[in-house]
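Undergrad: Can you keep this structure in mind? I'll have questions shortly.
The values are calculated or read from the model by the stated rules, or taken from the named source; none is laboratory data. All of these numbers come straight from a predicted model, not from anything done at the bench. For neighbour counting, all protein chains shown are included, and Cβ atoms are generated from backbone atoms with ideal geometry for every residue, glycine included. Areas reflect the complete protein model, heavy atoms only, side chains present, ligands, DNA and RNA absent. Shrake-Rupley method; radii C 1.70, N 1.55, O 1.52, S 1.80 Å.
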Amino acid sequence: MTLILENPRSTLHAVIPMGSGTAQVESLVSYFCRVAVSHSTSVTALARLVAREMGEEFQTGFDWRSRSINGTGETAYIWAGGLSALTGIGHLDALTLLSWRDVFAAQRLLHTGPARWCPECLREDRAQGVQPYFRLAWDLKAVTACDRHAIRLTQTCPCCKRGNVRHKAIYVIPGFCTRCGAFLGEHVPPIPATPEACWIAGQVGELLRMQSLMSRPALLAPFQAAITHIITTMAGGKISAFAKRVGIAKSTVHCWVHGKTACTLEAALQVSAATGLPLARLAMGDFEGWAPPLRPSQLDLDLELGTRQPKVAPKFQDWVAVRKKLLEFAQLPEPISLTEAAQRLGVHRSHIYSQANREARIVSARWKTHMKAQVEENRKRIRQRIEMACLELSREGRALNLRELQTKIPKEELDMASHLFEMLREIRESLVGRS
């Protein structure tokens, strides 16, 4: 009985979080998806299980994709606690941004568009025999690059060229497209990142690494003390002079110093770049040994800073030229999606359908035909692979079941086969018929 109390059984597999204590720390979204994969179940079914575990705190129709479970709000608390209760793994709040909830505002903290990733990181995971996973840093709005590989994060599948394919599906295998099943780390020509984007990614990475060393969440008071000290040192205590030098509204800085207003991550990065004080130290209020930089910062971070951001004039579109270009895209040897066409033209996809409907439908129809043929080709390829593996098992006198099949083919490839059990049954009957 003592052994049972000291080592209670968990309801779900005790999946270990990836990248703990490093800048490559896994996000709670990724962890949740990997737990679902571990049980060969859908993320929807797992979400229902978590809902039952948390009782009234989760409603039956809870949609985990519509909530900021990686963020700083109550949802992150509940979600991390629910998964900890079910898996027996503690401190899953370290896979979120809860450590900075008092310092950084929730506004513009997380990326709200299609989920992004670094293909080089995913490829390294696979090469090292590690299950691919999504980094927490990739889900922050300010982070647009991978500083380890100096390339921009991508949000389109290298195979089907579709966006929003990282974890928006019922069944999710981290690192694989939820539309076509292709590996998201396939080699594609990377887009080099700017030094500013790499600097931001590095600063955020160090911030996330510091989470594992903190015994409690960061507080607002030390951050306010650091800002006050910086203003005194750099601008003689004049908030207006400091605000002008950093490029942030005077009223915003005033609220940081005298109120209880949390700072946006983007504004904190701007202050860090202008003062030379690393982001992690600024957030924790550690300015010991800091001295004002001798030269002003040359980094153009291009961050959204509210009232300080200049207005952009409406862009004129030559729709005659756009229609002509779309027809050229429709004649390319390798079809492209309308999403990619829109990106190449610098036009929103919905605007194309509105102003160039006929040409847009031509490009889209050709792409759908291409994708349908590719899916069929992939299905045939996977079936041939399974047939060969079953033939080998049969010759070895082993059973033709899923467990034995996994000794021949990696689980990731088998998961991409639709109607796997039905396919396995047909192949088994075929082999029996031959004998």
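Undergrad: Across segment 187-224, which residue is nearest to Tyr77 (Cα to Cα) among those that are of a type in the set (Gly, Ala, Ser), assigned to a helix (DSSP H, G or I) and open to solvent by less than 50 Å² (accessible area, probe 1.4 Å)?
TA: Gly205
Undergrad: Can you pull out the residues in segment 149-186 that are in a loop (DSSP other than H, G, I, E, B), open to solvent by 30 Å² or more (accessible area, probe 1.4 Å) and under 15 Å from Trp138 (Cα atoms)?
TA: His149, Ala150, Gln155, Asn164, His167
Undergrad: May I pose another question? Checking His13 against (1) modelled with pLDDT of 80 or more; (2) within 28 Å of Ala218 (Cβ to Cβ), only one condition comes out false. Which one?
TA: (2)
Undergrad: Output the helices (runs of 4 or more DSSP H) that fall wholly within segment 338-404 and possess 2 or more residues being open to solvent by less than 60 Å² (accessible area, probe 1.4 Å) and touching a residue at least 40 places away in the same chain (Cβ under 8 Å), or say none.
TA: Values: elements: 338-345, 349-355, 357-395.
In segment 338-404, 338-345, 357-395 are the helices (runs of 4 or more DSSP H) which contain 2 or more residues that are open to solvent by less than 60 Å² (accessible area, probe 1.4 Å) and touching a residue at least 40 places away in the same chain (Cβ under 8 Å).
Undergrad: Within the set of pairs 6 or more residues apart or between chains, which connect a residue that is open to solvent by 50 Å² or more (accessible area, probe 1.4 Å) inside segment 85-103 to a residue that is acidic (Asp, Glu) with Cβ atoms less than 8 Å apart?
TA: These pairs meet every condition: Ala85/Glu53.
Undergrad: Answer yes or no as to whether Leu136 is surrounded by fewer than 22 Cβ atoms within 10 Å (Cβ to Cβ), of a type in the set (A, V, I, L, M, F, W, C) and touching an Asp or Glu at 6+ places or on another chain (Cβ under 7 Å).
TA: For Leu136, the condition - surrounded by fewer than 22 Cβ atoms within 10 Å (Cβ to Cβ), of a type in the set (A, V, I, L, M, F, W, C) and touching an Asp or Glu at 6+ places or on another chain (Cβ under 7 Å) - is not met.
Undergrad: Can I ask one more? Which count do you get for residues in segment 139-148 that are open to solvent by less than 20 Å² (accessible area, probe 1.4 Å) and either free of Cβ contacts under 8 Å to residues at least 40 places away in the same chain or out of contact with any Lys or Arg (no Cβ under 9 Å at 6 or more places or on another chain) (or both)?
TA: Matching residues across segment 139-148 total 1.
Undergrad: Applying the selection to segment 95-138, what residues are out of contact with any Lys or Arg (no Cβ under 7 Å at 6 or more places or on another chain) and on the phi > 0 side of the Ramachandran plot?
TA: Residue satisfying the conditions is Gly129 alone.
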